[in-house]
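Read-outs throughout are calculated quantities, based only on the coordinates presented, and are distinct from any laboratory measurement. Remember, predicted model here, so these are calculated numbers, not experimental data. Glycine gets a Cβ as well: all are built from the backbone with ideal geometry, and neighbour counts include every protein chain shown.
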Amino acid sequence: MERAVELGFETANPGTVYRTLRKMEKDGLCESEWETASSGGPPRRMYSITDAGGAYLDMWVRSMKQYQQTMDAFLQAYKRAVSRP
């Protein structure tokens, strides 16, 4: 969740994040395991992406790139239209 904030996403509700991760794990997009902290802290569930999750992410990124191109074209057309006298 900290990394998501670093990437510019708003802070998410931890309950929502973990529900989403459990759903993704059920769908085979990620997997988890318990990891004990070397500092003696409580065990934490650590998630990692699966091959299926990586393929889904690749498809999603391609889709977002297409969306970005569409939005860029719209914004350029809008800018041209607004700048005309």
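Relative to the longest principal axis of the Cα atoms of the chain, helix 51-83 runs at roughly 30 degrees.
Between Asp51 and Ala77, the contour length at 0.36 nm per residue exceeds the Cα-Cα span by 5.4 nm. With helices as the sole contributors, the chain gives -20000 deg cm²/dmol at 222 nm; each DSSP H run of n ≥ 4 counts as -39500 (n - 2.57), and the sum is divided by every residue. For Kirkwood radius over Cα pairs in Å, the candidate list reads (i) 12.8; (ii) 16.3; (iii) 14.3; the entry that matches the value derived from this model is (ii).
One equal scatterer on each Cα of region 1-49, no solvent, Debye formula: the resulting log10 I(q)/I(0) at q = 0.23 Å⁻¹ is -0.98. Please state the relative contact order of region 1-49 as a whole percent: Cα pairs under 8 Å, 6+ residues apart? Across region 1-49, relative contact order equals 24 percent. Each Cα pair under 8 Å and six or more residues apart adds its sequence gap; the mean of these over the residue count of the chain is a relative contact order of 17 percent. Qualifying GluC sites (Glu not before Pro) in the chain, where qualification requires a DSSP coil assignment and no more than 11 other C-beta atoms within 10 Å, comprise Glu10. For the chain, the longest principal axis of the Cα atoms and the long axis of helix 14-26 meet at an angle of about 80 degrees. Long-range amide H contacts for Ala12: which residues qualify at under 5 Å (H placed 1.01 Å from N, peptide plane, sequence gap of 5 or more or a different chain)? Placed amide hydrogens put nothing under 5 Å from Ala12. Each residue, Lys26 and Ser38, gets one label point 7 Å from its Cα in the Cβ direction; the gap between the two is 3.6 nm.
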